[in-house]
1. Would you point out the residue of segment A:322-338, among those that are within 19 Å of B:F83 (Cα to Cα) and within 9 Å of chain B (Cβ to nearest Cβ), that is farthest from the chain's Cα centre (by Cα)?
2. Only residues that are of a type outside the set (F, W, Y), in contact with a helix residue (DSSP H, G or I) (Cβ under 8 Å, 6 or more places away or on another chain) and facing chain B (nearest Cβ under 7 Å): list them for segment A:298-321, please.
3. Taking the residues in segment A:284-297 that are under 25 Å from the mean Cα position of the chain (by Cα) and either over 9 Å from B:A359 (Cβ atoms) or charged (D, E, K, R) (or both) as candidates, determine which candidate is nearest to the other protein chains (Cβ to nearest Cβ).
4. For segment A:249-278, enumerate the residues that are within 14 Å of chain B (Cβ to nearest Cβ) and closer than 16 Å to A:V319 by Cβ.
5. Looking for something in contact (Cβ under 8 Å) with a residue 24 or more places away in the chain, out of contact with any Ser or Thr (no Cβ under 7 Å at 6 or more places or on another chain) and polar (S, T, N, Q) - is there at least one such residue anywhere in segment A:364-380?
6. Can you find even one residue in segment B:254-272 that is hydrophobic (A, V, I, L, M, F, W, C), touching a residue at least 60 places away in the same chain (Cβ under 8 Å) and under 24 Å from B:G330 (Cα atoms)?
7. So A:R132 clears everything in (1) basic (K, R); (2) farther than 29 Å from A:P209 by Cβ; (3) at pLDDT below 90 except one condition, right? Which one?
8. In segment B:123-218, which strands (runs of 3 or more DSSP E) lie fully inside it and hold 3 or more residues that are over 14 Å from B:V231 (Cα atoms) and not aliphatic (A, V, I, L, M)?
Amino acid sequence: MSAPPPDPVELRLAPVVARTWPDALAGVRATLPMAPFVEPAVGFVAALAHALLSDRAMRRVPEVIALAHALRPAEVRRMAGDLAARTGCDRLRRARGLVFHVAPANVDTLFAWSWLLSLLCGNANVVRLSRRGGPAQAALLEVAGRLLAEPGWADIRARTLILAYGRDEAVTAALSAACDLRVVWGGDASVEALRRVPLPAGAQELSFPDRVSAAVIGAAAVNAADGDTLARVAEGLVNDVVWFDQNACSSPRAVLWVGAPAETEEARARFWPVFDGRLAETGWSLDGARTLARLAAAAELAADGRVRRWTTAPGGCAVLRGEAAGGEVSLSGHPGLGLLLEGSAASLDAAATRLPANVQTLACFGVSAEAVTAALAAARVDRVVPLGRALAFSTDWDGQDLLERLTRVVRLEALPRP
Amino acid sequence: MIDDPAPPLDAPPLEALPDTAWRTPFDTPPDEARPRLLTRLNALTRHHRTACPEYARILDAFGWADGPADALEALPWLPAALFKRRELASVPAERILTWLSSSGTDGVPSRVPLDRATAQLQARALAALMRPLVGRGRLPLVVVDAAGTLRRGGPMSARAAAVAGFATMGREPLFLLDGEGRVDWAALAAYRARHAGERLFIFGFTALVWETLVEDARRNGVALDLSPAVVLHGGGWKRLADHAVDAAAFRGGLAETLNLTDVRNYYGLIEQVGTILLECPAGRLHAPALADVLVRDPVTLAPLPAGRPGLLQLVSALPVSYPGHSLLTGDMGTVVGDDDCPCGWRGRHIVVHGRLPRAEIRGCSDVRPAA
């Protein structure tokens, strides 16, 4: 049986004259790179952030607000300063050229973060969207589209192509062949699939493999915390867990308690009721299909001996918590969907040995950054943040400096006077 | 991952089901069937807990107490979907005859191991269950499928298992489809003529029965009177729902093209072959005496009373070689009544609404593994 024809390529945001994706690509390729952090890119991002932050409809999609916040003018100025600090009279930063982004399926706002950061760095951009995008993706495209339709942003529109398509290797190959940098989000499967698509010799690739994340909580600090602090910390973990259905690479999927056994027992008894209360207030819950999917995963984790005991009942609770078996807390195959593996360790050093090899973010409370970094000397942790900020955007990601990777450094040595 | 020190232990042998348990699958008063079933299910739980380390770990992790359950609702249960992700066996590998695998509408098959004992129990149960439909003798059998479905090597699919199972209930089987899925209408007409006056037993997967006995018949202007006959079909309505064909259209089509008016649906899990639910003359699906069905709220998982739709949990006295005796499915249904069906069949009877939509678990990647 012959293969079915590939699905049509949908142009979501494209240069004005383009009607087909090859035309759109040609149009974007024809633009000249801009310098990093200049107008109109800076102005556009500011306008977009403002439009998102002031749109009441965005309240339904708080992750969009978070994105807009991460791209607000003050933040953009900080980024510009960060990059400027690495330039000098002999070292300039310039755009890479054309950047081809492959967006992930699990975090709706990531395509925009990748696109806009790259735009700020002076690049023209082609973004392949996930077709499984949800309301946040739709909302972002709508607002960005409206803005790009304005004549004042014509220069931005000319260097932006956002499209979506199914399995079509021809399109991926063409976009890859045209780019100077390919940015691949979406985990091991995406990275491996894209690596089979050739890049021109002069192009680079920035890829983001499967990563998992955990929360680290100091038991003593929880026991000493007053009601307000406890509420604030619990709310932090609630947000870190329920956004994106716990499916982002930086979503904490395990909670490691650090402290003596009695201390930890007391801390857990204090903390979880506050967490559950705050969770109930958000109204976050799973529908039948997800409850069942999570149950199957919970049964699997138990069958494998990776979870000894589920401490919350399988039905009716919003977040399922279980006691991880001893040793390394294995998070492979974790389905997200509000499932937390709990473990404990007497010290940070001991806690470090329980982390899986591909852990990315540690969201912490009650432990100092210095202590954590010391304990993790050998581990591959790329990010240590306070509980509540696990999902915050950062230009340092997965051990990469995104501003550095999205630009190129030009060396300018002093020339002898002519 | 725990390293199991030894393969599943040989559990102390289960008490055999009494002969009375086999006699009248739809005629047994519930106050006789239910206690016997509960005793058996408790024995199965004990058996699987000893023989299947994964099962024991699951029971411990979910906090199901060690002792016998005092009611069906209190029995431990597994999500049926687990059999898609793990191979669970309660017998040592050398006793496994074959692995049954489901068709898997979502692309991932369930797999369960059959030993001789379980296979025999299943065959015996199925034969007893079918008697109200086909009587004691063996009827001439028309299989709406291809002979090749049975002959394919490797793990047995649900379709092959069903065909193999039901084929033993008929005689001189005629396979209606050739290797390319084409219908041999001439052979069917000849078959009908050869067995003039005898009731035919026609069996097939619901979607296939529709595509051949209704759509293909209409396309080719076939006008054949196949009565008297009984049609048994199962395997789900999803494919037909995609084409907006409901039960009424299905029955209407069969009556129109081939004068088939005795049409019965069955519902069952590949993990509980032998204790299928059978449609009665009043259109409800009945649980046989060796099985039962409960409905649970999809979110809270609390048991629901009759009339409230929810997730179907099926229990069966048969699975010995794998812990499949109490399973929560991904299908929605409603208990219509208990021991009060106008058709006269005893026990609980339900309607099945269909599968819960599949959970869109958005993992990182948009890249699907190469098919």
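1. Restricting to residues being within 19 Å of B:F83 (Cα to Cα) and within 9 Å of chain B (Cβ to nearest Cβ), the top hit is A:G333.
2. A:A299, A:E300, A:A302, A:A303, A:D304, A:G305, A:V307, A:R308, A:R309, A:P314, A:G315 - these are the residues of segment A:298-321 that are of a type outside the set (F, W, Y), in contact with a helix residue (DSSP H, G or I) (Cβ under 8 Å, 6 or more places away or on another chain) and facing chain B (nearest Cβ under 7 Å).
3. Residues of segment A:284-297 under 25 Å from the mean Cα position of the chain (by Cα): A:284-287, A:290-291, A:293-294, A:297.
Next, only the ones that are either over 9 Å from B:A359 (Cβ atoms) or charged (D, E, K, R) (or both) stay: A:284-285, A:287, A:290, A:294, A:297.
Numbers: A:W284: 12, A:S285: 7, A:D287: 7, A:R290: 5, A:R294: 8, A:A297: 8 Å.
Among those residues, the one meeting the criterion is A:R290.
4. Of all residues in segment A:249-278, those within 14 Å of chain B (Cβ to nearest Cβ) come to A:249-251, A:253.
Within segment A:249-278, A:S251, A:R253 meet the criteria.
5. Checking segment A:364-380: not a single residue is in contact (Cβ under 8 Å) with a residue 24 or more places away in the chain, out of contact with any Ser or Thr (no Cβ under 7 Å at 6 or more places or on another chain) and polar (S, T, N, Q).
6. yes
7. Every condition holds for A:R132 apart from (2).
8. Filter on segment B:123-218 gives B:170-177.
The values are calculated or read from the model by the stated rules, or taken from the named source; none is laboratory data. Keep in mind the model is a prediction, meaning the values are calculated, not measured. In this analysis, Cβ positions are derived from the backbone assuming ideal geometry, glycine residues included, and neighbour counts consider all displayed protein chains.
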